[in-house]
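Here the structure is laid out as structure tokens; the discussion comes afterwards.
Every read-out reported here was derived from the displayed coordinates using simple, explicitly stated rules and does not represent laboratory data. From a predicted model like this one, the values you see are computed outputs, not experimental measurements. Virtual Cβ from ideal backbone geometry, glycine too; neighbours counted across all protein chains shown.
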Amino acid sequence: MATRKRTLLKVIILGDSGVGKTSLMNQFVNKKFSNQYKATIGADFLTKEVQVEDRLVTMQIWDTAGQERFQSLGVAFYRGADCCVLVYDVNLLKSFESLSNWRDEFLVQASPSDPENFPFMVLGNKVDIDGGNSRVVSEKRAKTWCASKGDIPYFETSAKDDLNVDVAFQCIAKNALKNETDEEIYLPDTIDFSSGSTHTSSSCSC
Amino acid sequence: MGDPDSPYKIRSDSGEVIESRFQPKAGKVLSEKKWRAAFDKQGRLDISKVLVRIQGGGVDPSIREEVWEFLLGCFAPDSTYVERATLRKSRREEYFQIKAECQKLDPAVGSGTVVTLPRVGENGPVNDIGRESDELPRSIVSLIQQDSRQKENNTTPLSSRGMDDEQTSHRAQFDFSNRVTAGETQNDEDARRVAAGNSTQENKVLEWKTTLHQIGLDVVRTDRSLEFYEKPSNLAKLWDILAIYSWLDPDIGYCQGMSDLCSPMVVLFHNEADAFWCFERLMHRLRENFRCTDQAVGVQKQLANLGLVLQVIDPKLYKHLDELGGGSFIFAFRMLMVLFRREFSFSDSLYLWEIMWALEFDPDEGHPSDVRGKQPVIHVSRHPIRDGWILRRGRTLYKWGKFERQNIKYGEGDAHEIPIVVFCAASIFESQRLRLQGAVGLDEVLKILNDVTGKLDAKKACKEALKLHKKYLLKAASMGGRRH
């Protein structure tokens, strides 16, 4: 295997069905929006190279199915995540209220070594709809929630109009990288994905 | 024969769509002429005359609707025209009666709309359509939270369907109607249940209502590249059928992926009730895949089977994937969940499905026994003891699909419980084995499997699946033999 230094950031997108997870991923990676997306079955991912300060990193963005009843599959997909993006629809209260559940479930299933400091990000999507007149979750309310969960960074986005998508993902990469660097020192590049059980060595940080 | 894609026209404004590859060939595909010739005067179908064609070349789209009803077991091949007409009539009545029941519970059903917003919210039921009187009393809304947790313990096995493979669709209908008027049977135990009773029914209604918007969210994202779904009434039809199914099968309810399976029925069948019953027969085979608990999704059983099959036919590849941490085969989740709908174009997935169903065809499976008064079939176990098989070896066997015949000939133990779709998935793994052997991570495995999208040939996949199936059965038998 090549020994070149390659940083891979695994990012998981979670949130209720239909809030725009696939659209956000596609807008960021492919610069495209379609009205004809299909509901995601299981999970899928896309990759994109991004520049974070002076480093070139590969973001591997995992898009998941939104129906709650698939949560048991989380273990398989969340393993080794460097950042978790929680998405809701600003026009739909329930999708906002679900954020807590998605966050908790992620922490249980992914069981990151330092859950207190694990990087999350919240995106309030679909701000374009009806010129913002149909929104039911205010920016203030969302920010208050984010603050209460350990200052989660928050962005308001429109995957359709490509509003704030790049900025948000850039921030995701930056935060994930902060988390990732610790691990990288201790893990050989080639086993980054091979098996969850090899991660044990990374907890020893001194 | 015409353009095979013409019934399933793609919108001109659709973006990237998987291209169709399957080329039905004259002399290979089951034509209308060949199909009609397989019926006798009374309308009994000699299935052996058409299975070979379907297995080798699919079905001409112009007769697909009729053929699928036999392949999926809506009708027995040896039923007559008259019997089928009677059955169809009663089924349609049945369906519209159930639909009316559902309409009473939620006026959105049958209204021509698709619900995408939650019907039950934190402040009680949300009813954007219809009359006030249709709303549920506020008191039961608080049950939502408890309800979802209690679901597994609480649900009585309302359906005997699924326990007995030979259960017939007609019987299933009666099960259904019993369920609609749940808790009103005479026996003591049921009477006790009724006492506890009404709240169970109310819970059921509430549970159902909470899934309605999920169905809608998926319906508006299902096969939207087809011109067919530009018409709102067609979207509404898909929504209605899924809503009604989820009411009738509360153990499964609605689960993402089901809209992918139901959509072709809505496109194919002119009559909504006929589409419903065909979908119901398909779900009869697949519903266990959609059974979700806190621990697992039902399809994982088939994924485990995929692992089992690969372990036998290609231990080297299996070992490699297992060492990468992929022993659960979760990366094949989508393939099995929606029967390759996402790997093939709309048109090609229909060919794939009918070829698979023809290969799996079992004349004793699924269709109504009350029509013919058939004896129950002793299921294939260690020895092929199917009704009449030993006596009429040869000719009779042509009434079974090739895949089933292999099960009968070479199958041991539980071999027959692995459906062909698992072997189709295995064939795709095998076709990519060199790349998969070189994969260093599970993400790469998923990427390789995703890359096959749009590049697969339905007929070839089935042909390979059949070969692997035989290899699996023979190897598994010899391994079993060694163990004894």
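How many nm separate the modelled label positions at B:GLU444 and A:ARG141, each set 7 Å beyond the Cα in the direction of the Cβ?
4.7 nm
Please list, in order along region B:461-474, the HN-Hα scalar couplings obtained from phi with the Karplus expression 6.51 cos²θ - 1.76 cosθ + 1.60 (θ = phi - 60°), rounded to whole Hz, x for Gly and Pro.
4, 5, 4, 5, 4, 5, 4, 5, 4, 5, 4, 4, 5, 5
How far, in nm, would the chain grow between B:GLU93 and B:THR453 when pulled straight, counting 0.36 nm per residue and subtracting the alpha carbon separation?
Length gained, B:GLU93 through B:THR453: 125.5 nm.
So between B:LYS409 and B:LYS460, what do we pick up on full extension, going 0.36 nm a residue minus the alpha carbon distance?
16.1 nm
Calculate one ³J(HN,Hα) per residue across region B:309-321 by plugging θ = phi - 60° into the Karplus curve 6.51 cos²θ - 1.76 cosθ + 1.60, and present them in order as whole Hz with x for glycine and proline.
Karplus values, whole Hz, x for Gly and Pro: 4, 5, 4, 7, 8, 8, x, 5, 5, 4, 4, 4, 5.
Dividing the Cα convex hull volume of region B:1-62 by residue count, how many Å³ per residue is that?
Expressed per residue, the convex hull around the Cα atoms of region B:1-62 is 94 Å³.
Counting partner chain Cβ atoms within 10 Å of every residue's Cβ in B:335-343, what's the average?
Partner-chain Cβ atoms within 10 Å, mean over residues of B:335-343: 2.
Pick out, in residue order, every one of the chymotrypsin sites (Phe, Trp or Tyr not before Pro) in region A:4-96 that is DSSP loop and has at most 14 other C-beta atoms within 10 Å; say none if there are none.
Within region A:4-96, no chymotrypsin sites (Phe, Trp or Tyr not before Pro) qualify (loop, at most 14 other Cβ atoms within 10 Å).
Where a ≥ b ≥ c are the square roots of the eigenvalues of the C-alpha gyration tensor, would you call region A:43-100 rounded, which needs a/c under 1.5, or, failing that, prolate if a/b is larger than b/c, or oblate?
Oblate, because a/c is 1.5 or more while a/b does not exceed b/c.
Quick check on region A:1-119: take the gyration tensor over C-alpha atoms, sort the square-rooted eigenvalues as a ≥ b ≥ c, and tell me if it's rounded (a/c under 1.5), prolate or oblate.
Since a/c reaches 1.5 but b/c is at least a/b, the shape of region A:1-119 is classed as oblate.
Count neighbours as other Cβ atoms within 10 Å of each site's Cβ, and list the GluC sites (Glu not before Pro) in region A:1-83 that are DSSP loop with at most 10 such neighbours.
A:GLU53
Which value in nm describes the separation of the simple spin-label points at B:ASP46 and B:LYS301, placed 7 Å from the Cα toward the beta carbon?
Label-label distance for B:ASP46 and B:LYS301, simple model: 3.8 nm.
Would you mind giving the mean number of other chain beta-carbons within 10 Å of the Cβ of each residue in A:40-47, as a whole number?
That works out to 6 on average.
According to the square roots a ≥ b ≥ c of the eigenvalues of the Cα gyration tensor, what is the shape class of region B:218-299, taking rounded for a/c under 1.5, prolate for a/b larger than b/c otherwise, and oblate for the remainder?
prolate
Could you give the nm distance between label points at A:SER72 and A:LYS32, where each point is 7 Å from its Cα heading toward the beta carbon?
Each label point lies 7 Å from its Cα, and together they span 3.5 nm.
Tabulate in residue order the Karplus-calculated ³J(HN,Hα) for region A:165-176, using 6.51 cos²θ - 1.76 cosθ + 1.60 with θ = phi - 60°, rounded to whole Hz; enter x for Gly and Pro.
Along region A:165-176, the couplings run 5, 4, 4, 4, 5, 4, 5, 4, 4, 4, 5, 5 Hz.
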